[in-house]
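Notes follow the structure.
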Amino acid sequence: MESPRIIDARGLLCPLPVLRLRKVLATLAPGAEVVLEATDGASWIDVPHFCTQAGHRLIEATDEGGVLRYRVRRGA
C-alpha cells in the first residue's frame, strides 16, 4: 500500500483546511488515503462533517500537541 499524501494546513483557519483536503481528494483514486495536518480547532468539527457529506471515510483523528491529524480514505 502506498504511503498517504500529507496535506499541511497548519496555521490556516476555517474553511481552508477542509478546502485543501477536498482539492487533494478530488485528484486521487477511490481508496487512496491522505493525512491532513491542521491547527485550527474548528477542523475537529469540519473534517468529520465534510467526510460524511462527501462520502469519504475518516479513519483516524488525533490531537498531537495542538496539531490535529486526520487520516482520510477517499470514497467512490
**Prompt:** If you place +1 on the Cβ of every Lys and Arg, -1 on the Cβ of every Asp and Glu, and leave all else neutral, what size is the dipole of the range 4-62 about its Cα centre, to the nearest 20 Debye?
**Reply:** 200
**Message:** Run lengths n ≥ 4 of DSSP H only: what is the helix-derived mean residue ellipticity at 222 nm for the chain, with -39500 (n - 2.57) per run over all residues, to the nearest 500?
**Reply:** -9500 deg cm²/dmol
**Prompt:** Taking the Cα atoms only, what angle lies between the long axis of helix 43-54 and the longest principal axis of the chain, rounded to 10 degrees?
**Reply:** 20
**Item:** Only Lys, Arg (+1) and Asp, Glu (-1) charged, at Cβ; the range 37-76 dipole about Cα centre in debye
**Value:** 320
**Residue-by-residue Karplus 3J(HN,Hα) for the range 20-29, coefficients 6.51, -1.76, 1.60, Hz, glycine and proline x** = 5, 4, 4, 4, 5, 4, 5, 8, 9, 6
**Fill in**
The farthest towards the positive end of the charge dipole of the chain, of the residues I45, A29, L12, given +1 on Cβ of Lys and Arg and -1 on Cβ of Asp and Glu, is A29
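Read-outs: derived from the displayed coordinates by stated rules, not from any lab. None of the values given here were measured: they were computed from a predicted structure. Positions of Cβ are generated from backbone atoms using ideal geometry, with glycine treated the same way; all protein chains shown enter the neighbour counts.
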